[in-house]
Amino acid sequence: MIALITERWLSSKRATEFVHDGQVGVSEPVKGQPLSKIRKQLAEEVASSVEVKPLVLRQYFLQQGNVADANRVEQVDVTTIRVKGGLITNELSFIGASFLEGFLSVYGIELERAVRRYEEKLQLFETLDHERKQRAIFIGRLKHGELEQLSPSFETEQQAKIQLEAMKQVEKERALAPSLEVERDE
């Protein structure tokens with residue numbers, strides 16, 4: 001018998017839950033997809049509230065030597081443009097193909113950065129092994145679609161949240177340590 005596991009991402013602002021057998025998804029809409037692909041797609045969806053800033057888009061066009069589209073950025077409210085699944089959802093045909101291609105390029109770059117930041121973040125995860133009736137709540141991180149468990153399992157979500165905050169504080173202190181060393185050396 002194949003062990004079925006429900007995986008929930010507790011740190012996500014939106015409900016993120018799916019069932020898998022350790023290899024592929026077994027619940028709709030992810031049925032049959034490899035586990036790493038499911039996690040990558042979910043990370044993109046969770047991080048997809050990416051906003052393309054007009055200045056960044058303008059700089060992109062100028063770097064490409066496209067002055068006409070760089071000037072168009074000022075005429076279009078790019079903050080209202082929404083992308084879903086790589087497709088622009090509202091009607092923008094009047095802007096032109098090169099502008100849309102440029103926008104999607106910048107959007108792709110920004111989305112990639114957002115996903116990378118999301119994957120680097122410490123988060124709470126919960127798994128439920130349906131066969132053994134074992135529940136695990138732990139602190140982890142996504143790495144290229146793989147789930148890395150960074151703590152032992154906790155009995156309650158509250159215990160895990162307390163430990164998560166402590167681990168985040170340690171990470172902040174480590175990040176600040178090099179800058180403090182530089183200040184001491186001076």
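The values are calculated or read from the model by the stated rules, or taken from the named source; none is laboratory data. Since the structure is predicted, the reported quantities are computational estimates derived from the model, not experimental observations. Reconstructed Cβ throughout: ideal geometry from the backbone, glycine too, with neighbour counts over all protein chains shown. We work out accessible area using only protein heavy atoms, side chains counted, and drop any ligands, DNA or RNA first. Shrake-Rupley method; radii C 1.70, N 1.55, O 1.52, S 1.80 Å.
Points to keep in mind about this one:
- Carbon + sulfur, % of accessible area of the chain - ligands and nucleic acids excluded, 1.4 Å: 51
- The range 17-30 - phi-based ³J(HN,Hα) in whole Hz, Karplus 6.51/-1.76/1.60, Gly and Pro as x: 8, 7, 10, 9, 10, x, 10, 9, x, 10, 10, 6, x, 9
- Set the Cα radius of gyration of the range 104-186 against 2.2 N^0.38 Å, with N its number of residues, and you get 1.45.
- Once backbone amide H atoms are built at 1.01 Å from N, G25 has G32, Q33, L35 as its partners under 5 Å, excluding neighbours fewer than 5 places away on the same chain.
- Each residue of the range 148-157 was assigned a 3J(HN,Hα) from its phi angle through the Karplus curve 6.51 cos²θ - 1.76 cosθ + 1.60 (θ = phi - 60°); the sequence is 9, 7, 10, 9, x, 6, 10, 6, 10, 5 Hz, with glycine and proline shown as x.
- An ellipsoid equivalent to the chain, defined through the eigenvalues of its Cα gyration tensor, has semi-axes of 37, 26, 12 Å when rounded to whole angstrom and sorted largest first.
- In this rough spin-label picture, where each label sits 7 Å from Cα along the Cβ direction, the K13-L176 distance is 2.6 nm.
- The distance linking the range 107-186 with the range 1-74 is 18 Å (Cα centroid to Cα centroid, whole angstrom).
- Peptides 38-44, 139-145, 22-28 ranked from most to least packed, by the mean per-residue count of other Cβ atoms within 10 Å: 38-44, 139-145, 22-28.
- Rounded to the nearest Hz, the phi-derived 3J(HN,Hα) couplings of the range 138-143 under the Karplus curve 6.51 cos²θ - 1.76 cosθ + 1.60 (θ = phi - 60°) are 8, 8, x, 8, 8, 9, where x marks glycine and proline.
- With both residues required to sit in the chain, DSSP beta bridges show an antiparallel share near 95%.
- Debye log10 I(q)/I(0) at q = 0.12, 0.20 Å⁻¹ for the range 1-63, Cα point scatterers: -0.44, -0.77
- Mean ellipticity per residue at 222 nm, deg cm²/dmol - from DSSP H runs of n ≥ 4 across the chain, formula -39500 (n - 2.57): -14500 deg cm²/dmol
- Ordering of 157-168, 99-110 by packing is 99-110, 157-168, highest average first (other Cβ atoms within 10 Å, averaged per residue).
- Spin-label pair E51/V24, simplified geometry with 7 Å Cα→Cβ offset, distance in nm: 4.1
- A crude spin-label estimate for the pair R141 and T80, with each label 7 Å from Cα along the Cβ direction, gives 4.1 nm.
- Per residue accessible area of the chain, 1.4 Å probe, in Å²: 64
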